[in-house]
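The values are calculated or read from the model by the stated rules, or taken from the named source; none is laboratory data. Note that the structure is a prediction, hence the values are computed from the model and not measured. Please note: Cβ atoms are built from the backbone with ideal geometry, for glycine as well, and neighbour counts cover all protein chains shown. Please note that ligands, DNA and RNA were not included when accessible areas were found on the heavy atoms of the full protein model with its side chains. Shrake-Rupley method; radii C 1.70, N 1.55, O 1.52, S 1.80 Å.
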Amino acid sequence: MQHSRSVGRRQLLMTGGALGLAAAAAPLLTAPAQATSPRPCTRITDLGPGIEQFALMSALQVGDTVYIGSRNLEPTRVLAFHLPTRKVVSQTVLGTGHSIQALAVDPTGRYLYAGILTKGDEGKPNLFRWDLTTPRNPAVGIGRTEDRDIRDLAVAPDGTVYAVGGIPGKAPALWMYDPGTGKVTKLGVPDPKATLARAVAATDTTVFFGAGSVLAGGDGASKASLYAYDRAAGTFTDVTPAEMEKDPSLRDLVVLGDRLVVSTSGSTEPAKLAVMDLADLSSYSVTTTTGKVVKNLTANGDTVHFATDTGLYSYSTATQAISPVVFDGDLGEIWGLDHVGGTLTVVSGYGFVGEIDLATGRSVVTDLGQAGAPVVPQTTMGIAADHRYVYVGGNNGIARHDLRNGTVLNLRAPGEAKDAEVLDGVLYTGQYSSQGMWTYDPTKGGQPHQLAAFPSEQNRPLDVCYDAVNELLLVGVQSDTEGGGSLWTYAPGTGKKAAYINPVDGNQLVRAVATRDGVAYLGGDNPTTQGPRGTLVAFDPVAGRELWRIDLPAALTTGTAAMAVRGRHLYGLTRKGGFFVVDLTIRRVIHIADHRALCPGFAAMVTSRGVVYGVSDTTLFRFDPRTFAVSTVVAGINGAWYSGPHVAADHRGRLYTMRGHNLVRVEDRPVSGS
């Protein structure tokens, strides 16, 4: 979806550097800004919602209607998109969690079940049911699995509902909802080393449970696993095809007549597709695809249609041949695929529904916003800025804010722009998942495009910075599937790139990157239970070799969250508010402090006008260049972030971050000694 929006009246707030924004905001939003201190030093300009769109994470066709689950929107909701009229005809609000990844319908077509994702256990139902015969009545919460997130749902022919998902630090279980009794029951944990379950399918006699470790690989976590649960005996049997055991995760399952179709997410190898005989699960065929993931399985007779990261494909169960499905355009990240009457219905993360006539190849695309879906502010990802534009990342999109006229243009980019830099007016992003680096030049128009690919298992770029000495973009990366991480380098002038795998160690990802005098400083973060928790590595990004390293003091018990350089000092924050300063000339930690009150979790840092700033989920703050003392710039900023806070500075030193769902510009001029 591409649209522009004009910011109405910019709201200018003037506060003192330590004044609580939450207390100050209410009267100032409706009245001319007034100085509240004899020496005001902080000016805040509200630039409107960071990114607005109808973002989605699931879709399922029932009859002539496609039901679509929202993503990273508040509140969560399911829309009903009517194919004959191409309009959104109804919706229901679930009101808990942040996204809906799992949808399933009962055999009668009456009840739609939805499972939610949430960042913390809210103690509320995570399984909902919507009666499609009375769509004006809202969906109701019918139960709660102890595995916080529901990633997939299946309904057996007798109406019994099965759910799988996961919660960090706990092996996923198979869950059952009995519509007769209304009870949710835990049926067991088939794979104690798995960290997530993303696929479930059910027959009269058997439930198939697909798991793996796509979000928490390494440290002994298991790879793809497939289990058959005997509904009568209550026992699990491992039926994983041997050819799939190296892939990180089972991605999708669907029962098609007397066969079970199975797909994986790939990592060091491409994703695979298997067709198994339900009467004899040891009888199967496996085909390797060219994609990084195979999902959204649907069928038309002996042909299975599926989505990958690169588009749509069909698979012949008779010949085991894979062929592309022709579509004139970019489908982006696909979250729904169904086949009815010779037409494929595709629901794209770009916020549209595509209908493809397989006989003629013709297609029709309907923008969901134009069809009546709510276009609302979304939780955000990375931020980058220069004198003209500020870019805010979301799901499958990047909002470009024009600082001259206040207009906002939504750009398309698959996945998520986790972090970004602007160099000479050109945007460079680190794009999750396994999308490498993307770029966009506003003077050339069009859409962002991929700049450089990197090893697909190095899938989660986290921090982007620019090394002006070596003229290199530096990107710190996490490998979700294999553990550890990498440093990417890319030279905009020459196009030369490199990926240095596990420059810290096999467990520590590269959470943060900073640079000084041509040396890259890598901040390690260890999500496993083994090894050092936060190692700092000085790295030559041209030669690709380590120069030296130090481990953070024992008092800083968690890994690095963010870093920035000022002069000879490297400033850093840990994931629980620990603060450290390293003197790079003597290679020692010279200062530590506990700032959990300001920074209870993830953080970001930037150097602007000779001062290092940090932002957490709650607060924007600065550090004194001489004493390293911290002071609050904006309290209660409470940015609506999806994957951790960000802060960027333009060439004039103005800061950009989020206050709630709105992008704000902060002009801070510290009083001497503050």
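State the number of residues belonging to the range 313-331 that are buried (at least 21 other Cβ atoms within 10 Å of the Cβ) and either over 23 Å from Asn459 (Cα atoms) or touching a Phe, Trp or Tyr at 6+ places or on another chain (Cβ under 7 Å) (or both). Give the derivation first.
Of the residues in the range 313-331, the ones buried (at least 21 other Cβ atoms within 10 Å of the Cβ) are 315, 331.
Checking which are either over 23 Å from Asn459 (Cα atoms) or touching a Phe, Trp or Tyr at 6+ places or on another chain (Cβ under 7 Å) (or both) leaves us with 315.
Residues flagged as buried (at least 21 other Cβ atoms within 10 Å of the Cβ) and either over 23 Å from Asn459 (Cα atoms) or touching a Phe, Trp or Tyr at 6+ places or on another chain (Cβ under 7 Å) (or both) within the range 313-331 amount to 1.
Residue-by-condition table, conditions (1) closer than 29 Å to Arg460 by Cα; (2) small (Gly, Ala, Ser); (3) out of contact with any Lys or Arg (no Cβ under 8 Å at 6 or more places or on another chain):
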position: Ile590; (1), (2), (3): no, no, yes
position: Thr607; (1), (2), (3): yes, no, no
position: Thr619; (1), (2), (3): yes, no, yes
position: Arg626; (1), (2), (3): no, no, yes
position: Val630; (1), (2), (3): no, no, no
position: Asn638; (1), (2), (3): yes, no, no
position: Gly653; (1), (2), (3): yes, yes, no
position: Met658; (1), (2), (3): yes, no, yes
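Among the residues of the range 519-535, count how many are open to solvent by 10 Å² or more (accessible area, probe 1.4 Å) and either within 19 Å of Trp488 (Cβ to Cβ) or basic (Lys, Arg) (or both).
Selection size over the range 519-535: 3.
Identify, from the list Thr268, Thr264, the residue that is out of contact with any Gly (no Cβ under 7 Å at 6 or more places or on another chain), under 14 Å from Ser456 (Cβ atoms), among the polar types (S, T, N, Q) and not in a loop (DSSP other than H, G, I, E, B).
Details: Thr268 fails: not in a loop (DSSP other than H, G, I, E, B).
The match here is Thr264.
Among the residues in the range 205-214, are any open to solvent by 20 Å² or more (accessible area, probe 1.4 Å), at pLDDT below 95 and within 22 Å of Ala104 (Cβ to Cβ)? I'd like the intermediate steps shown before the answer.
Residues of the range 205-214 open to solvent by 20 Å² or more (accessible area, probe 1.4 Å): 205-206, 214.
Adding the requirement that they be at pLDDT below 95 leaves 214.
Going one step further and asking which of them are within 22 Å of Ala104 (Cβ to Cβ), we end up with 214.
There is at least one residue in the range 205-214 that is open to solvent by 20 Å² or more (accessible area, probe 1.4 Å), at pLDDT below 95 and within 22 Å of Ala104 (Cβ to Cβ).
Hey, among Arg136, Arg129, which residue is open to solvent by 20 Å² or more (accessible area, probe 1.4 Å) and within 26 Å of Phe209 (Cβ to Cβ)?
Working: Arg136 fails: within 26 Å of Phe209 (Cβ to Cβ).
Sole residue among the options that is open to solvent by 20 Å² or more (accessible area, probe 1.4 Å) and within 26 Å of Phe209 (Cβ to Cβ): Arg129.
Name the one entry in Ala201, Ala163, Ala197 that is touching a residue at least 60 places away in the same chain (Cβ under 8 Å), more than 15 Å from Ala232 (Cα to Cα), assigned to a strand (DSSP E or B) and among the small types (Gly, Ala, Ser).
Numbers: Ala201 fails: touching a residue at least 60 places away in the same chain (Cβ under 8 Å); Ala197 fails: touching a residue at least 60 places away in the same chain (Cβ under 8 Å).
The match here is Ala163.
Quick check on my filter: what residues within the range 283-312 are assigned to a loop (DSSP other than H, G, I, E, B) and surrounded by fewer than 23 Cβ atoms within 10 Å (Cβ to Cβ)? Step through it out loud before you land on a result.
As a first pass, look at the range 283-312 and keep what is assigned to a loop (DSSP other than H, G, I, E, B): 289-292, 294, 301-302, 309-310.
Answer for the range 283-312, where residues must be assigned to a loop (DSSP other than H, G, I, E, B) and surrounded by fewer than 23 Cβ atoms within 10 Å (Cβ to Cβ): Thr289, Thr290, Lys292, Gly301, Asp302, Asp309, Thr310.
Answer with yes or no whether Val510 is assigned to a strand (DSSP E or B) and at pLDDT 95 or above. Can you show your working first?
Details: assigned to a strand (DSSP E or B): yes; at pLDDT 95 or above: yes.
Against the criterion (assigned to a strand (DSSP E or B) and at pLDDT 95 or above), Val510 qualifies.
Name every residue in the range 76-122 that is under 24 Å from the mean Cα position of the chain (by Cα), open to solvent by 20 Å² or more (accessible area, probe 1.4 Å) and farther than 27 Å from Gly169 by Cα, in order of residue number.
Arg77, Val93
On the basis of being of a type in the set (Asp, Glu) and either closer than 23 Å to Ala417 by Cβ or assigned to a strand (DSSP E or B) (or both), does Asp505 make the cut?
Working: of a type in the set (Asp, Glu): yes; either closer than 23 Å to Ala417 by Cβ or assigned to a strand (DSSP E or B) (or both): no.
Here the answer is no, as Asp505 does not meet what is asked.
Being open to solvent by 30 Å² or more (accessible area, probe 1.4 Å), at pLDDT 95 or above and under 24 Å from Gly476 (Cα atoms) narrows it down to one of Glu421, Glu416, so name that one.
Working: Glu416 fails: open to solvent by 30 Å² or more (accessible area, probe 1.4 Å).
Testing whether each residue is open to solvent by 30 Å² or more (accessible area, probe 1.4 Å), at pLDDT 95 or above and under 24 Å from Gly476 (Cα atoms) leaves just Glu421.
Determine whether Ala139 is within 19 Å of Thr185 (Cα to Cα) and aliphatic (A, V, I, L, M).
Details: within 19 Å of Thr185 (Cα to Cα): no; aliphatic (A, V, I, L, M): yes.
No; evaluated as a whole, the condition is false for this residue.
Lys246: crowded, with 18+ Cβ neighbours inside 10 Å, in contact with an Asp or Glu (Cβ under 9 Å, 6 or more places away or on another chain), among the basic types (Lys, Arg) and over 22 Å from Gly115 (Cα atoms), yes or no? Write out each step before concluding.
On the way: crowded, with 18+ Cβ neighbours inside 10 Å: no; in contact with an Asp or Glu (Cβ under 9 Å, 6 or more places away or on another chain): yes; among the basic types (Lys, Arg): yes; over 22 Å from Gly115 (Cα atoms): yes.
Spelling it out, it is not the case that Lys246 is crowded, with 18+ Cβ neighbours inside 10 Å, in contact with an Asp or Glu (Cβ under 9 Å, 6 or more places away or on another chain), among the basic types (Lys, Arg) and over 22 Å from Gly115 (Cα atoms).
Which one of these is touching a residue at least 24 places away in the same chain (Cβ under 8 Å), touching a Lys or Arg at 6+ places or on another chain (Cβ under 7 Å) and under 30 Å from Gly369 (Cβ atoms): Gly430, Gly476?
Working: Gly476 fails: under 30 Å from Gly369 (Cβ atoms).
The conditions single out Gly430.
For the range 619-663, name all the residues that are under 14 Å from Asp46 (Cα atoms), within 22 Å of the chain's Cα centre (by Cα) and in a strand (DSSP E or B).
Tyr656, Thr657, Met658, Arg659, Asn662, Leu663
Kindly indicate whether any position in the range 399-418 is under 22 Å from the mean Cα position of the chain (by Cα) and within 19 Å of His651 (Cα to Cα).
Looking for residues that are under 22 Å from the mean Cα position of the chain (by Cα) and within 19 Å of His651 (Cα to Cα), one finds at least one in the range 399-418, hence yes.
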